[in-house]
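Data block below; observations after.
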Number of protein chains: 2
Amino acid sequence: MLKFSKKVEYGLMSIMHIARMKGNKVTARELSEQYNIPPEILGKVLQKLKKDQLLESIQGVNGGYRIIRELTDISLEDVIISLDGPVVITHCCKGTGDDCTQFKTCNIIEPMQKFQNKLNKLFSDMNLNDFFFDEEQKVEF
Amino acid sequence: MLKFSKKVEYGLMSIMHIARMKGNKVTARELSEQYNIPPEILGKVLQKLKKDQLLESIQGVNGGYRIIRELTDISLEDVIISLDGPVVITHCCKGTGDDCTQFKTCNIIEPMQKFQNKLNKLFSDMNLNDFFFDEEQKVEF
DNA sequence: TTATATCCGACAAAATAAGTCCTATTTTTT
DNA sequence: AAAAAATAGGACTTATTTTGTCGGATATAA
């Protein structure tokens, strides 16, 4: 419960690594070996990040991935949505309630939605530069 | 990913309901029927909440559950820990790294732990009165 | 003594996440 | 032109986690 998926972890590790390369290309294979990540999965992770323009890819021999956007311009939410889709913390609140046996009588729909908004804000306010490098932990958020 | 467990949802629904009864007893069966929750599961949820003293139970005929603590005195974290155990958002950061194939070379251990602290603070700062009833959504947290 | 309730462990089923397999496409080098 | 090295991506299997079920034990009021 409330755990990041492996895909998001792999994505963040890759972006961290690629960002440190300052615009130089990195291949999926290098990342896969460096971090012991199954290459097929990593491939798909990188492809999704590319599709959502968090990374740039170059195909063919001497190809690879590199980063073109500023880390301050990418939010944690961007990464999560790209790899896992939108964060939905509840079973009740997906929309119509067709998928929840409690929907009709549920008494926490509103509180859950409000809390979800709080979480979403936390993810969208957190840019990757702060996520990766900020030493100072802000006390309030 | 990042979804509340059914147990936590059931627990919150129950506490919400019981809190509205202002100290009167509520049976597991009533809750189970009202909210269409499998009675065996709900039983265990309520028992855990009792064990962690978020609810009080009265056994035997005419027994049931009631609430004795102020909602402002119970945090969302209390409920989650009681029903699911501590929130651990990563696969990497459980401690020794024995359970993570990336641990040795992982480059996001620190950021993940910091973010986990942020999340923990969000959960522990959120008391159930605010969670259930506060209409005004604070803009920053 | 019976009925109604909490209490609780072991197991089964379902849902989700993670990983594998296989192939296609693109581009540089030889 | 062919081969090699890289990204791209669908279909499927396995593993893990979550959810639910079954069976019974204990406690208390009527």
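List of remarks:
- Subset of segment B:38-59 (residues that are out of contact with any Asp or Glu (no Cβ under 8 Å at 6 or more places or on another chain) and either modelled with pLDDT under 95 or of a type in the set (Asp, Glu) (or both)): B:GLU40, B:GLU56
- Looking only at segment A:1-25, and only at residues there that are within 16 Å of DNA strand C (Cβ to nearest atom) and more than 30 Å from B:GLU9 (Cβ to Cβ), the one that is surrounded by the most Cβ atoms within 10 Å (Cβ to Cβ): A:SER14
- Residues satisfying the stated conditions in segment A:26-43, i.e. exposed (fewer than 15 other Cβ atoms within 10 Å of the Cβ) and under 17 Å from the mean Cα position of the chain (by Cα): A:ILE41
- Residues of segment A:51-71 classified as away from chain B (no Cβ under 14 Å) and either among the aliphatic types (A, V, I, L, M) or within 8 Å of DNA strand D (Cβ to nearest atom) (or both), total: 14
- The single residue among A:LYS48, A:LYS44 that is of a type in the set (D, E, K, R), closer than 11 Å to A:VAL79 by Cβ and near DNA strand D (Cβ under 8 Å from one of its atoms) turns out to be A:LYS48.
- Residue list for segment B:44-80, filter: under 14 Å from the mean Cα position of the chain (by Cα) and of a type in the set (Lys, Arg): B:LYS44, B:LYS48, B:LYS50, B:LYS51
- Applying the condition of being in contact with a strand residue (DSSP E or B) (Cβ under 6 Å, 6 or more places away or on another chain) and within 13 Å of chain B (Cβ to nearest Cβ) to segment A:15-41 and asking which residue is farthest from DNA strand D (Cβ to nearest atom) yields A:ILE18.
The values are calculated or read from the model by the stated rules, or taken from the named source; none is laboratory data. Computed from a prediction, not measured in an experiment: that's the story for all the values here. Glycine gets a Cβ as well: all are built from the backbone with ideal geometry, and neighbour counts include every protein chain shown.
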